[in-house]
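The values are calculated or read from the model by the stated rules, or taken from the named source; none is laboratory data. Since we're looking at a predicted model, the values are computed, not measured. Quick reminder, even Gly has a Cβ in these numbers, built from the backbone with ideal geometry, and neighbours come from all protein chains shown. We work out accessible area using only protein heavy atoms, side chains counted, and drop any ligands, DNA or RNA first. Shrake-Rupley method; radii C 1.70, N 1.55, O 1.52, S 1.80 Å.
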Amino acid sequence: MVTSLDPQPISTADLANYFDHTLLKPEATDADVAALVTEADDLGAYSVCVSPSMLPLELPSGSSLKIAVVCGFPSGKHHSEIKAAEARLSVSQGADEVDMVIDVGAAKAGAFDRVQADIAAVRAEIPAPRVLKVIIESAALSDEEIVAVCKAAEAAGADFVKTSTGFHPTGGATVHAVSLMAETVGARLGVKASGGIRSYDDALAMIAAGATRLGVSSSRQVLSGAPATGDGGY
């Protein structure tokens with residue numbers, strides 16, 4: 001596990017390509033989401049991440065933006081069949097990636113077979129090349145539970161494990177959780193850090209810990225701390 005981190009500078013363009021530029025506020029309007037898409041394209045973000053009811057989205061002509069959508073959000077306390085149906089509908093409406101929330105209570109109870117089955121139900125409805133990210137709500141879990149949930153996600157065919165919804169009272173991403181998740185899944189899965197990333201230094205720390213994607217709502221603010229050019233080492 002990473003215990004000593006030495007974040008290296010990343011240029012604005014390289015850092016933006018880590019971003020799922022995110023808007024998940026319940027009060028978000030169609031106009032808010034349209035503005036999010038425009039800003040994400042302008043910043044060079046990898047994707048936008050929105051609520052499923054905001055689909056379908058219209059992207060700027062020639063845009064390379066991906067569309068990510070949440071599923072079973074934010075509690076994860078939905079029947080697997082409902083999560084699967086929600087994911088299937090989102091993909092039919094243009095989603096490239098689905099960020100699903102696990103049943104955190106099942107994980108806390110040690111029922112990792114149920115966690116795996118829940119993830120597998122969604123995976124079955126959105127086969128590759130669609131991307132499945134699994135939100136584990138890491139701040140609510142012990143280290144042992146984080147490891148077990150990451151292993152369940154991998155066994156169920158997920159493409160990423162993700163720290164947080166950003167809505168749980170226990171908090172969002174931490175360097176410790178990201179490094180533990182990255183150690184558990186290795187290079188086999190991606191690791192998305194999300195929740196509380198509000199500065200350039202926050203972003204660098206998460207990437208140094210092993211994050212390969214970042215969920216960020218204040219993307220312009222985070223990028224304002226980045227150098228205009230860099231070696232692109234990350």
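Overview of values
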quantity	calculated
Selection count, the range 163-202, where residues are among the polar types (S, T, N, Q), touching a residue at least 60 places away in the same chain (Cβ under 8 Å) and part of a loop (DSSP other than H, G, I, E, B)	1
Test: residue in the range 82-100 that is assigned to a loop (DSSP other than H, G, I, E, B), closer than 20 Å to F167 by Cα and either at pLDDT below 95 or within 16 Å of the chain's Cα centre (by Cα) (or both)	no
Count - residues of the range 64-74 that are part of a loop (DSSP other than H, G, I, E, B) and touching a His at 6+ places or on another chain (Cβ under 9 Å)	3
Matching residues in the range 40-85 - criterion: being open to solvent by 60 Å² or more (accessible area, probe 1.4 Å) and among the charged types (D, E, K, R)	D41, D42, E58, K66, K77, E81
Selection count where residues are among the charged types (D, E, K, R), part of a helix (DSSP H, G or I) and buried (at least 19 other Cβ atoms within 10 Å of the Cβ), scope the range 110-140	3
The range 92-109, subset in contact (Cβ under 8 Å) with a residue 12 or more places away in the chain and surrounded by fewer than 19 Cβ atoms within 10 Å (Cβ to Cβ), residue nearest to Y46 (Cα to Cα)	D96
Residues of the range 141-159 classified as closer than 14 Å to R188 by Cβ and either open to solvent by 50 Å² or more (accessible area, probe 1.4 Å) or touching a Gly at 6+ places or on another chain (Cβ under 8 Å) (or both), total	4
Those residues of the range 162-214 which are crowded, with 24+ Cβ neighbours inside 10 Å, farther than 14 Å from I135 by Cα and under 13 Å from the mean Cα position of the chain (by Cα), in sequence order	I197, M206
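Conditions (1) part of a loop (DSSP other than H, G, I, E, B); (2) among the acidic types (D, E); (3) touching a residue at least 24 places away in the same chain (Cβ under 8 Å), marked per residue:
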position: E27; (1), (2), (3): yes, yes, no
position: E39; (1), (2), (3): no, yes, yes
position: V48; (1), (2), (3): no, no, yes
position: S53; (1), (2), (3): no, no, no
